[in-house]
Amino acid sequence: MKKILVPVDFSEYSEYALEIASEIAKKQNAEIIVLHMLGLSEAILTKDEAQEAAEAIYYLKLAEKRFTTFLDKDYLKGIKVTETVQNYKIFSEINEVAIENEVDLIVMGSHGSSGLSEVFVGSNTEKVVRTSDIPVLVIKNQIDKFNIKEVVFACDFKMENIRAYHSANRLFNLFNANVHLVYVNLPGDRFRSSNQIEERVKEFLFKADSGSLENFDKVVVQDDYSVESGIFNYCQKINADVIAIPTHGRRGLSHFFNGSIGEDIANHANKPVITFKI
C-alpha cells in the first residue's frame, strides 16, 4: 500500500478517520493525501470574474488555515501528508482524485448521533461509497490501537462478487489478516440446504481462485433470522475488527443483499465497515 486518501470536513469524525489512516500508513509505510471539498455555491461561481476570484481565494485561504490546525497531530509525525483543496460538489469526483493519485484506500469518518445511519442514507460518505472504485473504510468511532486482524467478509457467493472478493483478498493480505468468509442462511424461502450452499460456494471459489478450493475451509455458514443479525452475531463471536461487504456502486448498498439489508448492516454496525466495488 502506497497512498491513502482521507476526505475531511474538519469534524471530529474526520479526525477519527485521519487517526486510523495514520496507523495504517505507519504499518504499511504509506503516505496520506488529505482532501477538503470547498463546494462553492453557484451564487459565488456565477459572479463576475474579479468577485469570483476574490471569494474563491478567501475560501481557499480559510481552508488552508484550518488545515494548519487540523493536521497538527502527534500521530502524523513521520508520515508524508499532502493536503489538497478542491471545489468539488459531485462526490464521484473523489473517485477521480483517488484514481489520478493511484490511491489504494479511502478512509472516511461518519456523522450523526445515530452513527452510520447518517452515513449510508443519502449522506456524503454514502455518495463516496457508491461512486468509488477504490475500497472505502468507514470509521464511526475513535478507536484505540486499530488493527485489521480478524475480518468478516459477508458474501452471498454470487459470481458478481468475484471482483470484490479479489480486491478484499489483496487488501487484507497486506495486513496478514484472517478473513472469515461468511454466508448467512435464512429460514423460509431463502433457506438453502447444506449441499446447496456447498455447491454454490465451491463453484464461486473454483472460478475466483483459478481452480483452487484452498479457501473453502474459511467459509462459515451462519444460520440466523436476518443477514445483518447473522453477520453481527458472528462478528461478536470472533471479535472481528472489520466488516467487509461488496457494493454495487452507484446503485448503493441496498442492492447488495436485495432490499435494505446492506444499508442496515452499515447503519447498525459498531465495527468499522469497508466496502469493495462489485
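List of remarks:
- Calculated FRET efficiency for the pair Asp156/Ser210, C-beta based, R₀ 30 Å, to 0.05: 0.90
- Counting Lys and Arg as +1 and Asp and Glu as -1 over every other residue whose Cβ lies under 13 Å from the Cβ of Phe157, the net charge comes to 0.
- Taking 0.36 nm per residue of separation and subtracting the current Cα-Cα distance, fully stretching the chain between Ser226 and Asn178 would add 14.9 nm.
- All other residues whose Cβ lies under 9 angstrom from that of Gly230 are scored, Lys and Arg at +1 and Asp and Glu at -1, for a net of -3.
- Simple spin-label estimate for Leu62 and Asp9 gives 1.5 nm between the two label positions (7 Å along the Cα-to-Cβ direction from each Cα).
- For Ala244, the residues whose modelled amide H falls within less than 5 Å of its own, excluding neighbours fewer than 5 places apart on the same chain, are Val152, Phe153, Ala154, Ile274.
- Contact order for the stretch 114-247, expressed relative to its length and based on alpha carbon pairs under 8 Å spaced 6+ residues apart, stands at 33 percent.
- Unsatisfied cross-links (Cα-Cα over 21 Å) in the set Lys77/Lys277; Lys3/Lys277; Lys27/Lys218; Lys73/Lys145: Lys77/Lys277; Lys27/Lys218
- As a proxy for reagent exposure, ranking Asp189, Asp72, Asp223, Asp241 by other Cβ atoms within 10 Å from fewest up yields Asp189, Asp72, Asp223, Asp241.
Each value in this text was obtained by applying a stated rule to the coordinates, not by laboratory testing. Note that the coordinates shown come from a computational prediction; the quantities given were computed from them, not determined experimentally. For neighbour counting, all protein chains shown are included, and Cβ atoms are generated from backbone atoms with ideal geometry for every residue, glycine included.
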